[in-house]
Amino acid sequence: MNMKTKSIKYFLAAGLVCCGLSTTMTSCNSVLDEQPRSTMDPSFFSEKKGIEGGLTSLYAHLRYIYGNGYYLNACETGTDEYTYAQSADGNFKDADLSGVGSMTPSGSVAGGMWGAAFTNINTCNGIIENGEASGMDASLLAEAYFFRAFDYFLLVQYYGGVPLDLGAGELKFNSSTNRTSVRNTVPEVYAKSIFPDLEYAVENLPDKPRLTGTATKNLARLFLAKAYLTYGWWLENPNDIPTYPETTRDAGQAQSYYQKAFDLAKAAIDNPGPYALQPTFYDVNVGTNDRNSECMLYADHNEDEKYGNGGNGYGYGTGGSPDNFAYWMTTWNYGNLTAQVASNPSQVISPIQREGVQTYGRPWTRMAPIADNFIAGGVWEDAVKAIDCRYDATFTLRYHCNWHKDGSNCDKTIPAVLGANGMLIGQGEVLFSWVSEAEDANISYEGNNASHRLGVMTGRADFVCGVNHISRLKYPINWKIGIYRTDNGSSLGATHYNGGSPRPWNIAKWSEIYLIAAEAAVKLGKNDDAKKYVNVLRARAGKANFSMNDDKVVSIDNSAAMVAATPATITIDYILDERSREFWGEGYRWFDLARTQKWVERSSVYHIAGADRADLDLKEFHRDIPKGYYLRPIPQGQIDAMEGTAEEKTNYQNPAYRN
């Protein structure tokens, strides 16, 4: 699907749409319930029930941003984590900025959040305006304040200054179509909405969520600390990155915001409330443990289509919101691997079938991890992989045979296939593995598998490939965001391996508060504090109770080695390395690089092998990242829908994207 073919016009506050949902405050297994409703208007907020219904819809709107594969592309492709893969369309090539496309206001990168965020902001305005008069408790009202700040914080990082007036006055609920708009400056958006709204939320939200997944005091602390940190960087502006609308900024104030960020993050850490780090990194991300104590905010989904996906089914994914289909993008077509039947070598089968499980799922081959990360000098270099258990719990590195689960396959009863060195591979055993850069010296790549140049190592039955040969066609899958279902039974999952995932998409994790504190500490020159908070996560990263790739229980404790390997001096680059290891491929990366102004430095040159099955050699690619691209383009649909002169419309767009 190419999002460019869709004509979607976003009107700023063109009435209250609220994702097409009305909601109730009752619970189903302590998860917010949602009921269909076609429209909402001002009368909807005249009663407490309506306000509470609108409040619940604030959580529903998250599904229109998070879990969308094109939004993940906007946040990851073109960074130091991902590039476009073999089957990528123009949306992914445009985002890569490597000469195979161009970023324009009409592409999916431009429109990732604009419509969903502003519709939700207007809902928040309606709730806030009418909430006190209806007798709404301050703790419920605080959820609306939180989400208004949440959306404005997304928008201001992504686009720069954005409108506070949606047609009825600044931060006022608008119930009529408005086709004019004026953008406020970045400082105005922070000062009038983000900071005061989050401060109100910190003051009034409860310590514990009223229902599973609802906003809390520490969730607001996390986002307020991150907003302080981001604004401090924006004021300091170390690399002279332009903003729009143009405005002055006082770098001398930056330190005060770093201090606020540090103090607030520390307050949260010292008063964790219901949040806690999971024992291991695997526990954080395995589908059987979703909504755990580390997950603070998520775009919720579940297997009940009525409540979990806005009424959409999970059989065959739509490739659009509110589906959670982002995992497709980072999954290569592992099903193309073949092997000879051991008892009849003339017969060739596909031992690894597409399956609706977290390790596999639907392959789309749109986004490939950049090979530099997995070789010497990268965040997953061999020395890291040897002791950091996050590697095993981030990527699908070994591919286990599952042909016996295919009920329609006449070869279901075949007991074994021929692997490397003529050795037998049975059901559940490994056919293909990614191995370290150091081990690559012991691999022979003379053989092939369905024209894939896979290697052979002495004494091993599985075919192998060194991570220094990651290509646009085959690469480690991002296991963390993969599909998980409870109804597959002993099959491949019927049609569900093609579908969207019923898992929640994690937006905020308790682990991030430690890295926010550490980053603020670096900016304040507090190296001991930075190292202390980084090491909390690094010590946890050294522990494992289950190996995802070996599919077995383990007992590993490399925490002492992980802490010993932490450098004496913590730098922003090291913080970025740790953020990559902790949040790889979850949609954080572009924001991290834009905030710290490290995007050009860390992403301008990368290496990856080609898109053909036989490609092994890494090639160098260069990206052109103008300073103006630190702001994304305003969606063309928004500008086309506005009234005004041609000059006014041109001036509404961020300067780097004007024709």
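The values are calculated or read from the model by the stated rules, or taken from the named source; none is laboratory data. What you see is a predicted model; the values in this text were computed from it and never measured. Positions of Cβ are backbone-derived with ideal geometry, glycine not excepted, and every protein chain shown enters the neighbour counts. Note: areas computed on protein heavy atoms with side chains; ligands, DNA, RNA excluded. Shrake-Rupley method; radii C 1.70, N 1.55, O 1.52, S 1.80 Å.
Exactly one condition in (1) over 30 Å from residue 303 (Cβ atoms); (2) touching a strand residue (DSSP E or B) at 6+ places or on another chain (Cβ under 9 Å); (3) β-branched (Val, Ile, Thr) is not met by residue 536; state its number.
Every condition holds for residue 536 apart from (2).
Would a scan of the range 148-169 turn up a residue that is part of a loop (DSSP other than H, G, I, E, B), within 23 Å of residue 593 (Cα to Cα) and free of Cβ contacts under 8 Å to residues at least 60 places away in the same chain? Quick ask: steps written out before the conclusion?
Here is the first cut: in the range 148-169, the ones part of a loop (DSSP other than H, G, I, E, B) are 160-164, 166-169.
Cutting the leftovers down to within 23 Å of residue 593 (Cα to Cα) gives us 160-162.
Keeping just the survivors that are free of Cβ contacts under 8 Å to residues at least 60 places away in the same chain gives 162.
Scanning the range 148-169, I find at least one residue that is part of a loop (DSSP other than H, G, I, E, B), within 23 Å of residue 593 (Cα to Cα) and free of Cβ contacts under 8 Å to residues at least 60 places away in the same chain, so the answer is yes.
Give the residue that is nearest to residue 194 (Cα to Cα), with candidates limited to residues of the range 264-284 that are in contact with a strand residue (DSSP E or B) (Cβ under 8 Å, 6 or more places away or on another chain) and in a helix (DSSP H, G or I). Give the steps one after another, and end with the answer.
Within the range 264-284, the subset in contact with a strand residue (DSSP E or B) (Cβ under 8 Å, 6 or more places away or on another chain) is 275, 279-284.
Remaining after also requiring in a helix (DSSP H, G or I): 281-284.
Details: 281: 31, 282: 34, 283: 33, 284: 29 Å.
Once the filter is applied, the top-ranked residue is 284.
Exactly one condition in (1) open to solvent by less than 20 Å² (accessible area, probe 1.4 Å); (2) free of Cβ contacts under 8 Å to residues at least 60 places away in the same chain; (3) under 30 Å from residue 76 (Cα atoms) is not met by residue 385; state its number.
If we test residue 385 against (1) open to solvent by less than 20 Å² (accessible area, probe 1.4 Å); (2) free of Cβ contacts under 8 Å to residues at least 60 places away in the same chain; (3) under 30 Å from residue 76 (Cα atoms), just (1) comes out false.
Give the residue that is farthest from residue 359 (Cα to Cα), with candidates limited to residues of the range 391-417 that are at pLDDT 95 or above and open to solvent by 20 Å² or more (accessible area, probe 1.4 Å).
Among those that are at pLDDT 95 or above and open to solvent by 20 Å² or more (accessible area, probe 1.4 Å), it is 391.
I'm checking my understanding of the structure. Among residues of the range 285-318 that are within 16 Å of the chain's Cα centre (by Cα) and at pLDDT below 95, which one is farthest from residue 362 (Cα to Cα)?
Filtering the range 285-318 for residues that are within 16 Å of the chain's Cα centre (by Cα) and at pLDDT below 95, the one farthest from residue 362 (Cα to Cα) comes out as 300.
Condition check: under 29 Å from the mean Cα position of the chain (by Cα), part of a loop (DSSP other than H, G, I, E, B) and of a type outside the set (Phe, Trp, Tyr). Does residue 488 satisfy that?
Details: under 29 Å from the mean Cα position of the chain (by Cα): yes; part of a loop (DSSP other than H, G, I, E, B): yes; of a type outside the set (Phe, Trp, Tyr): yes.
Answer is yes for this residue.
Would you check if there is a residue in the range 363-374 being over 24 Å from residue 610 (Cβ atoms) and either free of Cβ contacts under 8 Å to residues at least 12 places away in the same chain or not in a loop (DSSP other than H, G, I, E, B) (or both)? Before you say what the answer is, go through the steps one by one.
Of the residues in the range 363-374, the ones over 24 Å from residue 610 (Cβ atoms) are none.
So far as the range 363-374 goes, no, none of its residues is over 24 Å from residue 610 (Cβ atoms) and either free of Cβ contacts under 8 Å to residues at least 12 places away in the same chain or not in a loop (DSSP other than H, G, I, E, B) (or both).
Consider the range 232-263. How many of its residues are open to solvent by 20 Å² or more (accessible area, probe 1.4 Å) and not in a loop (DSSP other than H, G, I, E, B)?
11
May I ask you to list the residues in the range 616-659 that are of a type in the set (D, E, K, R) and more than 30 Å from residue 372 (Cα to Cα)? Explain how you work it out, then say what you get.
Step one: list which residues in the range 616-659 are of a type in the set (D, E, K, R), which gives 617, 619-620, 623-624, 627, 632, 640, 643, 647-649, 658.
Those that are of a type in the set (D, E, K, R) and more than 30 Å from residue 372 (Cα to Cα): 640, 643, 647, 648, 649, 658.
Mind checking which residues of the range 605-659 are over 21 Å from residue 100 (Cβ atoms) and β-branched (Val, Ile, Thr)?
Hits for the range 605-659 are 634, 639, 645, 650.
Among the numbered criteria (1) open to solvent by less than 30 Å² (accessible area, probe 1.4 Å); (2) in a loop (DSSP other than H, G, I, E, B), which one does residue 377 miss?
Residue 377 satisfies all of (1) open to solvent by less than 30 Å² (accessible area, probe 1.4 Å); (2) in a loop (DSSP other than H, G, I, E, B) except (1).
Filter the range 541-587 down to residues that are under 18 Å from residue 370 (Cβ atoms), in a loop (DSSP other than H, G, I, E, B) and touching a Leu at 6+ places or on another chain (Cβ under 9 Å), then give me how many there are. Reasoning before the result, please.
Let us first name the residues in the range 541-587 that are under 18 Å from residue 370 (Cβ atoms), namely 573, 576-587.
Retained after the next criterion (residues that are in a loop (DSSP other than H, G, I, E, B)): 584-587.
If we keep only those that are touching a Leu at 6+ places or on another chain (Cβ under 9 Å) as well, we get 585-587.
So the count comes out to 3.
Regarding the range 523-531, can at least one residue be identified that is over 23 Å from the mean Cα position of the chain (by Cα), on the phi < 0 side of the Ramachandran plot and surrounded by 24 or more Cβ atoms within 10 Å (Cβ to Cβ)? Explain how you work it out, then say what you get.
The initial filter retains those residues of the range 523-531 that are over 23 Å from the mean Cα position of the chain (by Cα), namely 523-531.
Now restrict to residues that are on the phi < 0 side of the Ramachandran plot: 523-524, 526-531.
Imposing the further condition that a residue be surrounded by 24 or more Cβ atoms within 10 Å (Cβ to Cβ) reduces the set to 530.
Yes, because at least one residue in the range 523-531 is over 23 Å from the mean Cα position of the chain (by Cα), on the phi < 0 side of the Ramachandran plot and surrounded by 24 or more Cβ atoms within 10 Å (Cβ to Cβ).
Residues are listed down the side, and each one gets a yes or a no for (1) in contact with a Ser or Thr (Cβ under 9 Å, 6 or more places away or on another chain); (2) over 27 Å from residue 227 (Cα atoms); (3) at pLDDT below 95:
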{"residue": "559", "(1), (2), (3)": "no, yes, no"}
{"residue": "563", "(1), (2), (3)": "no, yes, no"}
{"residue": "569", "(1), (2), (3)": "no, no, no"}
{"residue": "602", "(1), (2), (3)": "yes, no, no"}
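Report yes if residue 569 is open to solvent by less than 20 Å² (accessible area, probe 1.4 Å) and within 15 Å of residue 519 (Cα to Cα), otherwise no.
Numbers: open to solvent by less than 20 Å² (accessible area, probe 1.4 Å): no; within 15 Å of residue 519 (Cα to Cα): yes.
So residue 569 does not fit the description; no.
Pairs please, first residue from the range 171-196 and free of Cβ contacts under 8 Å to residues at least 24 places away in the same chain and of a type in the set (A, V, I, L, M, F, W, C), second anywhere and surrounded by fewer than 22 Cβ atoms within 10 Å (Cβ to Cβ) and part of a loop (DSSP other than H, G, I, E, B), Cβ atoms under 8 Å, 6+ apart in sequence or on different chains.
What qualifies is 182/163.
For the range 242-285, give me each residue that is among the basic types (Lys, Arg) and within 27 Å of residue 543 (Cβ to Cβ). Step through it out loud before you land on a result.
Kept after step one, since they are among the basic types (Lys, Arg), are these residues of the range 242-285: 249, 260, 266.
The one that is among the basic types (Lys, Arg) and within 27 Å of residue 543 (Cβ to Cβ): 266.
If I filter the range 429-462 down to residues being closer than 16 Å to residue 352 by Cα and modelled with pLDDT of 95 or more, which single residue comes out as surrounded by the fewest Cβ atoms within 10 Å (Cβ to Cβ)?
Within the range 429-462, the match that is surrounded by the fewest Cβ atoms within 10 Å (Cβ to Cβ) is 429.
Any residue at all in the range 203-212 that is in a helix (DSSP H, G or I) and either buried (at least 23 other Cβ atoms within 10 Å of the Cβ) or of a type in the set (Lys, Arg) (or both)?
There is no residue in the range 203-212 that is in a helix (DSSP H, G or I) and either buried (at least 23 other Cβ atoms within 10 Å of the Cβ) or of a type in the set (Lys, Arg) (or both).
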